[in-house]
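Read the structure below first, then the notes.
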Amino acid sequence: MSRIAYVNGRYVPHRSAKVHVEDRGYQFADGVYEVCEVFCGRLVDETRHLDRLDRSLSELRIAAPMGRKALLTVMRETVARNRVRNGLVYVQISRGVARRDHPFPDPAPVPAVVVTAKSLDPRAGEKLAQAGAAVITTPEIRWARPDIKSVALLPNVLAKQQAREAGAREAWFVDPDGTVLEGASTNAWIVTHDGTIVTRQADRRILRGVTRAGVIDALARRNLRLEERAFTVEEAKAAAEAFITSASSLVIPVVRIDGTPVGDGKPGPVALALRAALHDVTEMSHVVTPAL
Ligand code: PLP
């Protein structure tokens, strides 16, 4: 089945979907995005994703191109038209098309909207979770506002490539003070030897992950102890467990940091239990892609 993309008001074949050469997303990375999980034909945590999208847009003073209900309709329609039962829906909004000049165009152009959806094999994610992931650490070289989910991801691209070349899955950005900020596309967590789950406080230095919020909900349900604070690379290497979270990979145990095994070097029980519990606490939309 051929893929379909939504581009500025039209559903078009994915292979011929195009944006303008002077789209400010293309020229300046002047745009924001969201990635939302699709699970069993339903959108997961759509409210949190759209809340974060609204915040990213308003921080960059880009007007919402359509109301929330309309955008949700487009997201669901794109998922359904691509027959995605398990996978991701991607939304990107740029400031729009204007003659190239750095300041905001005046008058403001109509923001450009692209929505795509793709299927992922849930068995591949499960296999990765059971094997665990290696991470490397890398100095923070991003701008000062990674809390805005902007499409300016070049440092993340470089960090991911560095991880891949080192045989690792993820790279953790490390602050000059030695503390872990987050992964290139995930939030970072550790479990201490007394069973406390630790993740960095969601300030302006990291993205406030939607999966991070879901895990915090799951912890509260299970009466597990949470500390939102910075932790060092050394603390992580010596922790009982470590794991990473994102909408595209859910919870993935970390088994090695810069080559050092975490715990016994196998996926930890807390991480695996949180992975299994996540969909019990997340918001689920109605079914948009029924099973065939
Ligand atoms: N941190 C960064 C830098 C990310 O790019 C992402 C996801 O893309 C996350 C954290 C995890 O966020 P979420 O759980 O909302 O996918």
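The values are calculated or read from the model by the stated rules, or taken from the named source; none is laboratory data. Everything numeric here is computed off the predicted structure, so don't read it as measured data. Note that each Cβ is placed from the backbone with ideal geometry, even for glycine, and that neighbours are counted across all protein chains shown. When the accessible area is computed, the model is the full protein with side chains, heavy atoms only, and any ligands, DNA or RNA have been set aside. Shrake-Rupley method; radii C 1.70, N 1.55, O 1.52, S 1.80 Å.
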Residue pairs qualifying under the 8 Å Cβ cut-off, at least six apart or on distinct chains, with the first in segment 196-219 being on the phi > 0 side of the Ramachandran plot and the second being away from the ligand (no atom under 11 Å from the Cβ) and open to solvent by 40 Å² or more (accessible area, probe 1.4 Å), are none
Of the residues in segment 98-118, those that are of a type in the set (A, V, I, L, M) and in contact with a Lys or Arg (Cβ under 7 Å, 6 or more places away or on another chain) come to A98
Within segment 181-210, the residues that are within 9 Å of the ligand (Cβ to nearest atom) and part of a loop (DSSP other than H, G, I, E, B) are A184, S185, T186, I206, L207, R208, G209
Going through segment 240-265 in order, the residues found to be surrounded by 15 or more Cβ atoms within 10 Å (Cβ to Cβ) and part of a loop (DSSP other than H, G, I, E, B) are A240, A247, S248, S249, D258, V262, G263
Among the residues of segment 6-24, is any open to solvent by less than 20 Å² (accessible area, probe 1.4 Å) and within 27 Å of H279 (Cα to Cα)? no
Per the filter on segment 28-47, residues within 15 Å of the ligand (Cβ to nearest atom) and assigned to a helix (DSSP H, G or I) are E46, T47
With the first residue restricted to segment 70-95 and required to be within 16 Å of R10 (Cβ to Cβ), and the second required to be of a type in the set (D, E, K, R), Cβ contacts under 8 Å at 6 or more apart or on different chains are M75/E46; N82/R3; N82/K118; V91/E34
Flagged in segment 217-239 as among the aliphatic types (A, V, I, L, M) and either within 11 Å of the ligand (Cβ to nearest atom) or in a loop (DSSP other than H, G, I, E, B) (or both), in numbering order, are L224, A230, A238, A239
Inset, instruction - Please tell me if A213 is in the same structural domain as T137 (by TED's automatic domain parsing), assigned to a helix (DSSP H, G or I) and away from the ligand (no atom under 16 Å from the Cβ). - result: no
Note: among V174, V110, just one is in contact with a Ser or Thr (Cβ under 7 Å, 6 or more places away or on another chain) and modelled with pLDDT of 95 or more, namely V174
Within segment 48-64, residues being within 13 Å of the ligand (Cβ to nearest atom) and either touching a helix residue (DSSP H, G or I) at 6+ places or on another chain (Cβ under 6 Å) or open to solvent by less than 60 Å² (accessible area, probe 1.4 Å) (or both) number 6
If we keep only residues of segment 266-292 that are part of a loop (DSSP other than H, G, I, E, B) and charged (D, E, K, R), then the residue most open to solvent (accessible area, probe 1.4 Å) is K266
